[in-house]
Amino acid sequence: MFQPEKIIIADDHPLFRHALLETLKPKFAQTQWLEAQNVEELEQQLKATADADLLLLDLHIPGAHGFTNLINIRSHFSQIPVVIISAHEDDETMAKAIEYGASGFIPKSTPVDTICQAIMTVLAGDVWMPEHFKAPEEANTQDIAQRIASLTNQQYKILLMFAQGMLNKQIAYDLNVSEATIKAHATAIFKKLNVRNRTQAVIAMNALELDNQFEQS
C-alpha cells in the first residue's frame, strides 16, 4: 500500500485525535503525523509543511467559522487535498464541504478500515463520500465562498477579528501594524466581499456557518 510521507490532522478533541492516530499509525507506518488543535496552529502547520500529502480536518476546530476555514485553506494551500472528518453525517453538510473544495468527507463513526480506504482514495486523486450520501439541492452560497477565497491570508485573519468584535486599534496591536494599515485592509475586504461595512462583512461570512443545530456539538 502506498505510504504518504506527511498527513496533518486538525481536531480539537485530544481523545478522538489520539484514538484516530493509534488506529491509523499501524496502517501508515511510514507516515509522519502532524497535529493541530485550532485554526492558528493549523495555519502554522500548513506553512511549515507545504509538502503535506493530506489534511484531515474537523470543521469545528476553534476559529473555523463554519466552512470559511476550509475555503481559506483551499484558496491558499490548494496543493494539499483536504478530507473532512466530522461528527455530522447530514447530506447538506457533506455536499457543502465538497462544494467548497474538500476531496472527501468521513463521518467520525466510520470504521477504521473504511477510513483507510477513504484516505487512499483521496491520495489517488479521487473524491470519497460515504455510501449513504445523497446530494441535496444546491444552496446559493457559492458567490460569497468565491469572494472569501479571494482574500489574502492577512485579510482573512482580519475578517475573523471583525467577527470577534475587535476594534481597528486592537487588531493593529495584535498584528503589530499601524491602524492605517488595518483600515486599508478593511477597505480591500469590503470591496472583495461587495459589502459596505464590518457588519455586512460578518453577515456575509456567517452565511457559510454550519447549521445552528450543530454548533453546540
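The values are calculated or read from the model by the stated rules, or taken from the named source; none is laboratory data. Predicted model only: the values in this text are computed from it and were never measured. Quick reminder, even Gly has a Cβ in these numbers, built from the backbone with ideal geometry, and neighbours come from all protein chains shown. Note: areas computed on protein heavy atoms with side chains; ligands, DNA, RNA excluded. Shrake-Rupley method; radii C 1.70, N 1.55, O 1.52, S 1.80 Å.
Suppose we keep only residues that are at pLDDT 90 or above and not in a loop (DSSP other than H, G, I, E, B) within region 99-112. Which one would you say is surrounded by the most Cβ atoms within 10 Å (Cβ to Cβ)?
Looking at residues that are at pLDDT 90 or above and not in a loop (DSSP other than H, G, I, E, B), I get Phe105.
Among the numbered criteria (1) in contact with a strand residue (DSSP E or B) (Cβ under 7 Å, 6 or more places away or on another chain); (2) part of a loop (DSSP other than H, G, I, E, B), which single criterion is violated by Met94?
In the conditions (1) in contact with a strand residue (DSSP E or B) (Cβ under 7 Å, 6 or more places away or on another chain); (2) part of a loop (DSSP other than H, G, I, E, B), Met94 misses (2) alone.
Output the residue which, of all residues in region 27-52 that are more than 15 Å from the chain's Cα centre (by Cα), within 18 Å of Ile106 (Cβ to Cβ) and not hydrophobic (A, V, I, L, M, F, W, C), is least open to solvent (accessible area, probe 1.4 Å).
Thr31
Could you grab me the full set of residues in region 84-98 that are surrounded by fewer than 19 Cβ atoms within 10 Å (Cβ to Cβ), over 13 Å from the mean Cα position of the chain (by Cα) and over 20 Å from His13 (Cα atoms)?
Selection gives Asp90, Asp91, Glu92.
Scan region 170-195 residue by residue and report those that are in contact (Cβ under 8 Å) with a residue 12 or more places away in the chain and part of a helix (DSSP H, G or I).
Ile171, Asp174, Leu175, Ile182, Lys183, His185, Ala186, Ala188, Ile189, Lys192, Leu193
Could we say that Ile61 is open to solvent by less than 40 Å² (accessible area, probe 1.4 Å), within 23 Å of Gln155 (Cα to Cα), touching a residue at least 12 places away in the same chain (Cβ under 8 Å) and assigned to a loop (DSSP other than H, G, I, E, B) here?
yes
Take Ile144 and tell me if it is of a type in the set (Val, Ile, Thr) and at pLDDT 90 or above.
No; evaluated as a whole, the condition is false for this residue.
Out of the residues in region 69-90 meeting the condition of being of a type outside the set (A, V, I, L, M) and not in a loop (DSSP other than H, G, I, E, B), tell me which one is farthest from Thr49 (Cα to Cα).
In this case the residue turns out to be Ser86.
Is region 139-148 home to any residue that is open to solvent by less than 50 Å² (accessible area, probe 1.4 Å), assigned to a loop (DSSP other than H, G, I, E, B) and closer than 22 Å to Ala87 by Cα?
Yes: region 139-148 contains one or more residues that are open to solvent by less than 50 Å² (accessible area, probe 1.4 Å), assigned to a loop (DSSP other than H, G, I, E, B) and closer than 22 Å to Ala87 by Cα.
In region 182-206, what residues are more than 21 Å from Asn38 (Cα to Cα) and either open to solvent by 50 Å² or more (accessible area, probe 1.4 Å) or touching an Asp or Glu at 6+ places or on another chain (Cβ under 7 Å) (or both)?
Lys183, Ala184, Thr187, Lys191, Lys192, Asn194, Arg196, Asn197, Arg198, Thr199, Gln200, Ile203
Take region 113-138 and flag every residue that is open to solvent by 50 Å² or more (accessible area, probe 1.4 Å) and not hydrophobic (A, V, I, L, M, F, W, C).
Listed by number, the residues that qualify are Asp113, Gln117, Gly125, Asp126, Glu131, His132, Lys134, Pro136, Glu137, Glu138.
Could you run through region 70-83 and say how many residues are open to solvent by 10 Å² or more (accessible area, probe 1.4 Å) and without any contact (Cβ under 8 Å) to a residue 60 or more places away in the chain?
Count: 4.
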